């Protein structure tokens with residue numbers, strides 16, 4: 001009588017089939033876990049950028065352009081990061097499902113755990129001030145990034161309507177500073193009546209956004225000056241804007257600051 | 001000798017794999033035929049593929065689960081993969097009358113069959129229902145009531161959460177009952 005098991009064993013011997021080495025399975029399993037962790041970290045990065053952009057919204061200004069809260073909310077959502085976060089969360093879920101015991105857990109639980117993980121990582125990244133350099137890099141290197149983000153530069157580059165943005169070039173006489181606009185044009189800004197908001201401090205090289213009045217050809221009187229990105233500490237401003245001064249003592253740095 | 005001991009032994013001497021194969025040969029042949037409805041020779045070919053795959057992947061066996069669950073998982077995946085390649089199932093039935101009667105007996109507490117009645121006719125109708133069911137339903141019924149696996153084992157074999165397995169079994173039973181009514185199986189009660 002035919003012995004199927006013996007036939008299969010003979011085939012195994014004849015074709016010199018060997019069990020795959022253990023390290024290969026260890027590597028494969030480790031890779032899946034590493035990919036899961038990596039996706040949660042990237043999800044955290046995307047989440048921190050969402051917090052960064054939402055926190056950066058100037059509600060008092062945006063509310064002037066939108067008739068209701070929903071319209072305003074839709075106009076400030078950083079879609080690029082939201083899509084990226086969803087992709088990373090899905091990838092984290094996919095990788096976890098493919099770990100050895102991943103199938104034992106329901107979709108909701110895995111997604112929830114991934115979201116909580118990304119949330120914690122996101123908050124950590126946000127509080128170590130990593131988002132602004134990240135933002136600058138992404139703006140520089142990701143094609144069409146600006147098209148997928150709220151049109152902040154457009155909103156703040158309307159001098160006729162009282163919005164102006166650019167980079168402070170230098171201070172002239174204790175009342176005015178030169179500003180390089182987004183189109184590379186030179187503006188003279190009077191800041192004597194201006195309130196410096198959200199941690200904005202007048203230092204050359206700092207990118208600012210302003211409310212005020214255009215009162216002459218390339219002349220602007222500011223009533224409200226804010227940093228381009230909301231900053232939490234003076235230290236952050238110094239580190240971000242004048243990297244050459246990092247070796248200076250605080251007292252030396254502060255003597256350059258206005259107001 | 002336990003399965004695990006045989007696995008360890010096989011990794012030192014492939015001859016020991018013969019005893020693993022022998023131990024599961026009949027059970028896996030039945031399982032393959034039940035979930036795929038293929039003929040005996042095709043089932044043999046699938047089983048050969050299954051055993052070679054098991055042999056190659058012995059080092060990847062996760063000892064947190066039962067060895068039997070692991071090989072049933074491989075057999076299930078290989079059979080489904082073969083089935084998909086072949087696209088359509090053959091019309092011939094491979095559920096044995098005893099299989100069908102067993103299923104009826106187990107479902108009968110909620111369905112109230114009198115299992116002794118005209119078993120051949122009932123068996124044929126049951127076979128027809130089983131093979132007309134969506135795959136997700138018939139495989140859980142086969143694993144639960146013919147292979148007599150518990151929920152955790154089915155979860156390991158199908159790589160689904162235990163809760164999902166429980167839900168699938170309940171839905172499959174409901175589906176079976178409704179289909180049985182349409183087949184006039186209620187007349188046999």
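The values are calculated or read from the model by the stated rules, or taken from the named source; none is laboratory data. Computed from a prediction, not measured in an experiment: that's the story for all the values here. Glycine gets a Cβ as well: all are built from the backbone with ideal geometry, and neighbour counts include every protein chain shown.
What the table below lists for this structure:
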{"quantity": "Out of A:170, A:129, sole residue that is touching a residue at least 24 places away in the same chain (Cβ under 8 Å) and assigned to a strand (DSSP E or B)", "calculated": "A:170"}
{"quantity": "Lone qualifier among B:71, B:32 - being modelled with pLDDT of 95 or more and more than 9 Å from chain A (Cβ to nearest Cβ)", "calculated": "B:71"}
{"quantity": "Residue within segment A:95-106 that is closer than 30 Å to residue A:144 by Cβ, touching a residue at least 12 places away in the same chain (Cβ under 8 Å) and not assigned by TED's automatic domain parsing to the domain that holds residue A:226 present", "calculated": "yes"}
{"quantity": "Those residues of segment A:14-30 which are part of a helix (DSSP H, G or I), facing chain B (nearest Cβ under 7 Å) and over 30 Å from residue A:89 (Cβ atoms), in sequence order", "calculated": "A:22"}
{"quantity": "Among the residues listed as A:109, A:119, A:89, the single one being within 14 Å of chain B (Cβ to nearest Cβ) and part of a helix (DSSP H, G or I)", "calculated": "A:109"}
{"quantity": "Flag if residue A:176 is at negative phi, loosely packed, with under 14 Cβ neighbours inside 10 Å and either assigned by TED's automatic domain parsing to the domain that holds residue A:94 or at pLDDT 85 or above (or both)", "calculated": "no"}
{"quantity": "Every residue from segment A:42-60 that is in contact (Cβ under 8 Å) with a residue 40 or more places away in the chain and surrounded by fewer than 17 Cβ atoms within 10 Å (Cβ to Cβ)", "calculated": "A:55"}
{"quantity": "Positions within segment B:8-27 being under 17 Å from residue B:73 (Cα atoms), in contact (Cβ under 8 Å) with a residue 24 or more places away in the chain and facing another protein chain (nearest Cβ under 10 Å), in sequence order", "calculated": "B:20, B:21, B:24"}
{"quantity": "Enumeration of residues in segment B:26-43 that are in a helix (DSSP H, G or I) and buried (at least 17 other Cβ atoms within 10 Å of the Cβ)", "calculated": "B:28, B:29, B:30, B:31, B:32, B:33, B:34, B:35, B:36, B:42, B:43"}
{"quantity": "Segment B:49-71 residues that are not assigned by TED's automatic domain parsing to the domain that holds residue B:21, paired with ones that are crowded, with 21+ Cβ neighbours inside 10 Å and assigned to a loop (DSSP other than H, G, I, E, B) (beta carbon under 7 Å, 6 or more apart)", "calculated": "none"}
{"quantity": "Test: residue in segment B:162-173 that is touching a residue at least 12 places away in the same chain (Cβ under 8 Å) and either in contact with a strand residue (DSSP E or B) (Cβ under 8 Å, 6 or more places away or on another chain) or within 11 Å of chain A (Cβ to nearest Cβ) (or both)", "calculated": "yes"}
{"quantity": "Odd one out for residue B:57, checked against (1) surrounded by fewer than 18 Cβ atoms within 10 Å (Cβ to Cβ); (2) under 26 Å from residue B:152 (Cβ atoms); (3) at pLDDT below 90", "calculated": "(3)"}
{"quantity": "Single condition residue A:33 does not satisfy, out of (1) over 29 Å from residue B:46 (Cβ atoms); (2) within 14 Å of chain B (Cβ to nearest Cβ); (3) without any contact (Cβ under 8 Å) to a residue 40 or more places away in the chain", "calculated": "(3)"}
{"quantity": "Boolean, residue B:49 is facing chain A (nearest Cβ under 8 Å), within 22 Å of the chain's Cα centre (by Cα) and either under 28 Å from residue B:86 (Cα atoms) or not in a helix (DSSP H, G or I) (or both)", "calculated": "no"}
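Condition check ((1) surrounded by 16 or more Cβ atoms within 10 Å (Cβ to Cβ); (2) in a helix (DSSP H, G or I)) across all residues:
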residue: A:94; (1), (2): no, yes
residue: A:113; (1), (2): no, yes
residue: A:184; (1), (2): no, no
residue: A:189; (1), (2): yes, no
